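Working notes, beginning with the structure itself.
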Amino acid sequence: MRKAFSVLLLLLLISSLYAASVFSECSAVPQTDKVKISWITKSETGIKQFAILRSNDDVNFIELKKLNPKGPGTSYEYVDENVMFKDASRLFYKVRALGESGQLIDESSMLVLPNTTGMFRTWGAIKALFR
């Protein structure tokens, strides 16, 4: 009896974790000098805003933008055009779902590595010749 209760309690805990999840998909795609952050929600119950944050060290984040919710199943997008990959080997992004009083409801974290194509590296080498 005790084992059955423990299993039931574990199942309830797991289902409550999945039920509270706001995001169904999240991505951060690097381009030459910007990063496109996109996400799709599966639930927006109790959400007042989404906050997009960026960090160079995965510790100290700065808020880039806040967006208002549009309803479950909505696809959102934000383009961070203020990116300099020259000094950063990687960037960390978070999308936070915030409640009415600003409390954290859910969060999705993403790691972005710079998109250094051969063309980008070649152009950098050409510029270095003229310095």
- Query: Of the residues that sit in the range 81-121 and are at pLDDT below 80 and small (G, A, S), which one is farthest from I47 (Cα to Cα)?
  - Reply: G118
- Task: With respect to L113, determine if the residue is in contact (Cβ under 8 Å) with a residue 40 or more places away in the chain, exposed (fewer than 14 other Cβ atoms within 10 Å of the Cβ) and over 12 Å from the mean Cα position of the chain (by Cα).
- Result: yes
- Task: Could you check D58 against (1) modelled with pLDDT under 95; (2) acidic (D, E); (3) farther than 18 Å from L113 by Cβ and say which number it fails?
- Result: (3)
- Item | Failed item, numbered, when G46 is tested on (1) over 15 Å from the mean Cα position of the chain (by Cα); (2) farther than 19 Å from G73 by Cα | (2)
- Please list, ordered by first then second residue, the pairs with beta carbon atoms under 6 Å, 6 or more apart or interchain, first in the range 60-77 and within 17 Å of D106 (Cβ to Cβ) and among the hydrophobic types (A, V, I, L, M, F, W, C), second assigned to a strand (DSSP E or B) and modelled with pLDDT under 95. F61/S55
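Quick one: would you say G46 is farther than 17 Å from S108 by Cβ, at pLDDT 90 or above and of a type outside the set (S, T, N, Q)?
Here the answer is no, as G46 does not meet what is asked.
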- Selection from the range 35-74 of residues that are outside any loop (DSSP other than H, G, I, E, B), charged (D, E, K, R) and within 22 Å of E100 (Cβ to Cβ): E63, K65, K66
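The values are calculated or read from the model by the stated rules, or taken from the named source; none is laboratory data. Keep in mind the model is a prediction, meaning the values are calculated, not measured. Glycine also receives a Cβ, built like all others from the backbone with ideal geometry; neighbour counts cover every protein chain displayed.
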